[in-house]
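Following this message is one structure expressed as structure tokens.
The values are calculated or read from the model by the stated rules, or taken from the named source; none is laboratory data. Quantities reported herein were computed from a predicted structural model and do not represent experimental measurements. Neighbour counts are summed over all protein chains in view; Cβ atoms, including those assigned to glycine, are modelled from backbone coordinates with ideal geometry. These accessible areas exclude ligands, DNA and RNA; they are computed on the full protein's heavy atoms, side chains included. Shrake-Rupley method; radii C 1.70, N 1.55, O 1.52, S 1.80 Å.
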Amino acid sequence: MVAGAMALWAAIKQGLDLSEPIRTRKGNGVRILTSQRTSSDGHPIVAAVNCGGDIGEAIGIYTKTGAFGGTLWSMDEVRAGFLAALDERDLTGLVNGPKPEPAPLSAERITYSAPRPPLDFSRPMRTQLGNRVQILALDRASPAGDRIVALVHLQWLDNDTPDVSPKSPKTARPGVPMDAGVTEQVVNVYDKFGRFHGTVISETEAERGKAHLDSPKFDIKRDTSDLCYSALPAS
């Protein structure tokens, strides 16, 4: 009994082994996009989960132990205040699988070889609000077309500012030094033209409802502007 309990504790303490195959508890294949995300929500792992059907790959965030923390919401879903097609999503945590999962993408689904997309994602990117962008994946499979998954490095934030006027959150962003410390790395998804599609929202924020999603406190933690080329080298 004691030996079994110690083995269970060791397994929990070790968390995920990212060098081994990963799947969800529901059994869907997973691609780890990054395990180095910096954010106050405590979910450093960003993964693409192959849900199939009308969803294709869904983007989610997870703790180091694989606990699910949030998923991608489109702009329309944010405005509506609820996540559509919830039954088709895989909101379970990550576990190590017994064998490598098959790649979720087929060669026919990747459209970036010819013709070349309007944006050259090998060049440094930024948002139109001036935040630095780190491209994570160029080949996300989606029934609506391939998507670009990116970390947006928000460098102007004070996440606990209580007195943000509803009329001023966007005007508060310009003018902050480019070398200001990164406080958040928000996961956004764009189309191949760099147009904003959606953002990953944590469960904690989603549970606070539409009033929170419409509030300046939520808005100032997001950059929903489109992508463009940066004049500065990537760092």
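Could we say that L154 is modelled with pLDDT under 90, among the hydrophobic types (A, V, I, L, M, F, W, C) and over 19 Å from M75 (Cβ atoms) here? Working first, answer last.
Numbers: modelled with pLDDT under 90: yes; among the hydrophobic types (A, V, I, L, M, F, W, C): yes; over 19 Å from M75 (Cβ atoms): no.
Taking the combined requirement at face value, the residue does not satisfy it.
Anything in segment 190-233 that is in contact with a Gly (Cβ under 6 Å, 6 or more places away or on another chain) and open to solvent by 40 Å² or more (accessible area, probe 1.4 Å)? List them, or say none.
Start the filter on segment 190-233 by keeping residues that are in contact with a Gly (Cβ under 6 Å, 6 or more places away or on another chain), which leaves 200-203, 210, 213, 226-227.
The answer is E203, K210, D226.
Here's something else I'd like to know. What is the number of the single condition among (1) within 17 Å of the chain's Cα centre (by Cα); (2) at pLDDT below 90; (3) not in a loop (DSSP other than H, G, I, E, B) that E108 does not meet?
(1)
Mind listing whichever residues of segment 169-196 are under 16 Å from D219 (Cα atoms) and at pLDDT 55 or above? So that I can check it myself, show each step before the final result.
Residues of segment 169-196 under 16 Å from D219 (Cα atoms): 169-174, 183-188, 196.
Across segment 169-196, the qualifying residues are T183, E184, Q185, V186, V187, N188, F196.
Inside segment 89-105, can you point out the residues that are within 20 Å of the chain's Cα centre (by Cα) and modelled with pLDDT of 85 or more?
Of everything in segment 89-105, those that are within 20 Å of the chain's Cα centre (by Cα) and modelled with pLDDT of 85 or more turn out to be R89, D90, L91, T92, G93, L94, V95.
Considering only residues that are modelled with pLDDT of 85 or more and closer than 16 Å to T34 by Cβ, look in segment 122-146 and name the one that is farthest from the chain's Cα centre (by Cα).
Out of the qualifying residues, it is M125.
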